[in-house]
1. When you scan the stretch 42-100, how many residues do you find that are assigned to a helix (DSSP H, G or I) and charged (D, E, K, R)?
2. What are the residues in the stretch 135-146 that are assigned to a loop (DSSP other than H, G, I, E, B) and either modelled with pLDDT under 95 or farther than 30 Å from residue 266 by Cα (or both), if any?
3. Go through the residues of the stretch 70-84 one by one and say whether even a single one is surrounded by 21 or more Cβ atoms within 10 Å (Cβ to Cβ), modelled with pLDDT of 95 or more, closer than 21 Å to residue 171 by Cβ and under 16 Å from the mean Cα position of the chain (by Cα).
4. Which ones in the stretch 228-254 are over 17 Å from the mean Cα position of the chain (by Cα), in contact (Cβ under 8 Å) with a residue 60 or more places away in the chain and assigned to a loop (DSSP other than H, G, I, E, B)?
5. Quick check on my filter: what residues within the stretch 259-283 are part of a loop (DSSP other than H, G, I, E, B) and either hydroxyl-bearing (Ser, Thr, Tyr) or in contact (Cβ under 8 Å) with a residue 40 or more places away in the chain (or both)?
6. Can you tell which of 217, 226, 253 is hydrophobic (A, V, I, L, M, F, W, C) and surrounded by fewer than 20 Cβ atoms within 10 Å (Cβ to Cβ)?
7. Suppose we keep only residues that are farther than 13 Å from residue 70 by Cα and small (Gly, Ala, Ser) within the stretch 136-153. Which one would you say is surrounded by the fewest Cβ atoms within 10 Å (Cβ to Cβ)?
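The values are calculated or read from the model by the stated rules, or taken from the named source; none is laboratory data. The model shown is predicted, which means the values in this text are computed figures rather than measured ones. Glycine also receives a Cβ, built like all others from the backbone with ideal geometry; neighbour counts cover every protein chain displayed.
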Amino acid sequence: MPGQLEPRPGYRYGGRYHGPVELAVALVQTDAGPDPEANVARAVRLADTAATAGARLVALPEYLQYRGPDEGFRSSARPIPGPFTDAFAAVARRHGCWILAGSLAETSGDPARPHNTSVLLGPDGSIRARYRKVHLFDVAVDAGPVDLESARVAPGDEPVLADVEGVRLGLTICYDLRFPELYRTLALAGAEVLAVPSNFTERTGRDHWEVLLRARAIENAAWVIAPSQIGGPPGQPAFGRSMVIDPWGLVVAQAPDRESIVHAVVDSDRVAAVRRQVPVLANRRPEAYRLG
């Protein structure tokens, strides 16, 4: 299947198969509410604005089509491809750019549990990769969020890697961020940029969001692009602060605390340089990690 995880033959943890690649990216930070059609229309307009400003890859956040009660989420699910992805495909074709629809509710075989799916659209509007969120947000934080995402979402079961103009992009979603083994799997398969579209809660975000994003970048010597939601339903605010992190762990772009677009340039040379200086992928010793 196009976009699935396929290691490059002979990959050497930072070895190059192409010349230096620079990719202009834009992160769209949205404030989605309970009206799916209005949310998608607003996200499409923001994506169009970002592409008009020169972004080659426009990345949007998780749950971009709906935030609200679970029943509304279930009813917001659409097939992929379908009307919601078609709207973003039109932007991609109009500008000849890439669009990462951070996540949409995708109909599944269980009407009570759609997939939480990230979709990568190519410049021709076609679907180049599709990732279904693997790790579901089943938590109960003291004085914070209580959620059972698995009650409304059917999980995915495989990592996904795609090629965007010569840059290898690993796809993840929000709560996946707390599971470093997924990111290491993507990095070992050649990922140079790790996407983390999110609806990260305010309570956990203020302490964990930046720390975790920077950790995933540092430990894999990879770029991290993390578009997030801001605002949200009463009692369930999202943290926002969409960020681009470089492979050394530096925050190179960050969104303000409102609906917004932030731009940055990611480059494969930076990945190669950091992996040459601190070769954490090459220095792994998996044979020494077994217990017992």
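1. Going through the stretch 42-100 one residue at a time, the tally reaches 9.
2. Of the stretch 135-146, the ones assigned to a loop (DSSP other than H, G, I, E, B) are 135-137, 141-145.
Result: 137, 141, 142, 143, 144, 145.
3. No, that holds for no residue.
4. Within the stretch 228-254, 232, 233, 236 qualify.
5. Looking only at the stretch 259-283, we keep the residues that are part of a loop (DSSP other than H, G, I, E, B), and these are 259, 278-283.
Residues satisfying the conditions are 259, 278, 279, 280, 281, 282.
6. On the way: 217 fails: surrounded by fewer than 20 Cβ atoms within 10 Å (Cβ to Cβ); 226 fails: surrounded by fewer than 20 Cβ atoms within 10 Å (Cβ to Cβ).
Answer to the selection: 253.
7. Among those residues, the one meeting the criterion is 143.
Results for (1) over 15 Å from the mean Cα position of the chain (by Cα); (2) of a type in the set (Gly, Ala, Ser); (3) at pLDDT 95 or above, shown as yes or no for each residue.
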| position | (1), (2), (3) |
| --- | --- |
| 91 | yes, no, yes |
| 99 | no, no, yes |
| 133 | no, no, yes |
| 148 | yes, no, no |
| 153 | yes, no, yes |
| 165 | yes, no, yes |
